[in-house]
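I have placed the structure first, in the form of structure tokens, so that the comments after it can refer back to it.
The values are calculated or read from the model by the stated rules, or taken from the named source; none is laboratory data. All figures in this text were calculated on a predicted structure; none of them were measured in a lab. Quick reminder, even Gly has a Cβ in these numbers, built from the backbone with ideal geometry, and neighbours come from all protein chains shown. Only protein heavy atoms, including side chains, enter the accessible area calculation; ligands, DNA and RNA are left aside. Shrake-Rupley method; radii C 1.70, N 1.55, O 1.52, S 1.80 Å.
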Amino acid sequence: MTKFDILNISIDNISLKNLLRQIKQGGFIITPNVDHLIKLQHDPEFFHVYQTADYVICDSQILMWISLFLGKRIQEKISGSDFFPAFYEYYKDDPDIRVFLLGSREGVAQQAQERINQKVGRELVVGVHSPSFGFERNLEECEKILDIIQATDANVLAVGVGAPKQEKWIYKYRDRLSQIKIFLAIGATIDFEAGVTRRAPRNMSRWGLEWLYRLWAEPRRLWKRYLFDILPMFWLATQQKFNQYRYKKPLGLLLHEAGLLSMDQVEFLLEKQGQAPSQRFGELIVQQGWVNPQTVRFFLVELPQWLKQKRSYNLTEYLQVSGLLNDDQIDQLIQDQSIEPIALELLAIQYGWVKDETVNFFRRAQRLASKNNVNSFERVYFYKPRPL
């Protein structure tokens, strides 16, 4: 399966037919549209969730057009509201597929359940629940929701509570739902299936005007999303077209690449930051005692300055200035090196003072900084879409 980069995500270039056939093996499907792409520019937690999805499929005719502008053709637009009915029609005679619907207002999910089961002629949707507003911040309610889902024999969970809430919730609780094999983030699809909200006419959708129909239907809720997202999206796509688009890697990802934080720690910190958005990620790391303030400052301020200067420092300098080795440790390494001729950083690894991943990260920075024809700062600190 080929992939195509638009800004800082990779979209799976897959047909609906192939996706329907493959998804029975399991997976987490995310359907990016313009709204997602804009949110992904400034929401590191959402960006992290995207990196964990098994399928990222195009949910927008506008993104289809942008892909052509960038020189690549996406096979097919597969929105969540198109995929879900295709999914249950495809598996309507397969008793191994059983769906739970999470989302929408009280009574609407039940209505969707009844209509879908009537269409397919069996109890395909085996459970539904409509959570309260802000449920994702209520741990007690989330635990109850998990119990409700687990009390059924569902193995497909379709969540329709809006982005990025639905994707983040699936990511957070995915490992707690061992019987669920397929996770779908489907937005307003439950309302469509219940018949309480009408979709745009097919011709409007085909011509990329579904956003205009939804804006007309729900102007108070959607005007900002559509009128303020589309123009920035085209500007960012133009930057990508001319190789000027950059997405700064979140601090947590940099520290993970350097072997200083595990992904579990990154996820824990992102969750805490979501609960207290005013706190900076670096402050939260220091509060936990996982990385010292000198190291955080080094990655945020000093390393980018060093890389911009394109000066090649030795690995010991990187480790010392970053606060990963103190003066006493450096003296000990120099003394031991006089006895056994081995690189200081390798001795530091042997003593357990630094990790292999950390040394390799700094070796990469050192190598890039020594190449005058390479913008080392961008290579270390930014995601750039893969060349077409």
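Couple of notes before you dig in:
- Screening the candidates Gly121, Gly107 for the property of being free of Cβ contacts under 8 Å to residues at least 24 places away in the same chain and either closer than 23 Å to Lys165 by Cα or surrounded by fewer than 16 Cβ atoms within 10 Å (Cβ to Cβ) (or both) yields one hit, Gly107.
- If you go through the range 65-74 and keep only what is at pLDDT below 90 and either aliphatic (A, V, I, L, M) or within 28 Å of Leu101 (Cβ to Cβ) (or both), you end up with just Ile74.
- Test: residue in the range 45-54 that is within 30 Å of Ala154 (Cα to Cα), open to solvent by 50 Å² or more (accessible area, probe 1.4 Å), of a type in the set (S, T, N, Q) and under 23 Å from the mean Cα position of the chain (by Cα): yes
- If the condition is being within 16 Å of Gly80 (Cα to Cα) and surrounded by 18 or more Cβ atoms within 10 Å (Cβ to Cβ), then the range 26-42 contributes Phe28, Ile29, Ile30, Thr31, Pro32, Asn33, Val34, Asp35, His36, Leu37.
- Residue in the range 360-367 that is surrounded by 14 or more Cβ atoms within 10 Å (Cβ to Cβ) and aliphatic (A, V, I, L, M) present: yes
- Set Glu76, Glu45: member being closer than 21 Å to Gln273 by Cα and of a type outside the set (A, V, I, L, M): Glu45
- Criterion (assigned to a loop (DSSP other than H, G, I, E, B), out of contact with any Ser or Thr (no Cβ under 6 Å at 6 or more places or on another chain) and basic (Lys, Arg)) met by exactly one of Arg379, Arg386, Arg364, Arg297: Arg386
- Just one of (1) farther than 30 Å from Thr238 by Cβ; (2) modelled with pLDDT of 85 or more fails for Pro385. It is (1).
- Residues in the range 65-107 that are in a loop (DSSP other than H, G, I, E, B) and β-branched (Val, Ile, Thr) were compared, and the one that is farthest from Asp35 (Cα to Cα) is Ile97.
- Residue match in the range 317-327 (condition: in contact with a Ser or Thr (Cβ under 7 Å, 6 or more places away or on another chain) and of a type in the set (A, V, I, L, M)): yes
- Some residue of the range 89-99 being farther than 30 Å from Pro250 by Cβ, of a type in the set (Val, Ile, Thr) and either in contact (Cβ under 8 Å) with a residue 60 or more places away in the chain or open to solvent by 50 Å² or more (accessible area, probe 1.4 Å) (or both): yes
- Taking first residues from the range 152-172 that are of a type in the set (Phe, Trp, Tyr) and partners that are open to solvent by less than 10 Å² (accessible area, probe 1.4 Å) and not in a helix (DSSP H, G or I), the Cβ contacts under 8 Å between residues at least 6 apart in sequence or on separate chains come to Trp169/Val159; Tyr171/Phe28.
- Subset of the range 171-196 (residues that are more than 20 Å from Tyr88 (Cα to Cα) and either open to solvent by less than 10 Å² (accessible area, probe 1.4 Å) or not polar (S, T, N, Q) (or both)): Tyr171, Lys172, Tyr173, Arg174, Asp175, Arg176, Leu177
- Within the range 252-268, being assigned to a helix (DSSP H, G or I), touching a residue at least 24 places away in the same chain (Cβ under 8 Å) and open to solvent by 20 Å² or more (accessible area, probe 1.4 Å) holds for Leu253, Glu257, Gln265, Glu267.
- Cβ-Cβ distances below 7 Å connect the following pairs, each with a first residue in the range 35-57 that is over 22 Å from Asp175 (Cβ atoms), a second residue that is of a type in the set (S, T, N, Q) and at pLDDT 90 or above, and a separation of six or more residues or different chains: Leu40/Asn8; Ile57/Thr31.
- Of the residues making up the range 162-192, just one is more than 17 Å from Ala53 (Cα to Cα) and in contact with a Phe, Trp or Tyr (Cβ under 7 Å, 6 or more places away or on another chain), namely Thr189.
- For the range 124-148, a tally of residues being part of a helix (DSSP H, G or I) and either surrounded by fewer than 16 Cβ atoms within 10 Å (Cβ to Cβ) or over 26 Å from the mean Cα position of the chain (by Cα) (or both) returns 9.
- The set of residues from the range 346-361 being part of a helix (DSSP H, G or I) and farther than 16 Å from Pro304 by Cβ comprises Leu346, Leu347, Ala348, Ile349, Gln350, Asp356, Glu357, Thr358, Val359, Asn360.
- In the range 323-338 there is at least one residue matching the filter, namely being within 19 Å of Gly259 (Cβ to Cβ), exposed (fewer than 15 other Cβ atoms within 10 Å of the Cβ), among the polar types (S, T, N, Q) and without any contact (Cβ under 8 Å) to a residue 60 or more places away in the chain.
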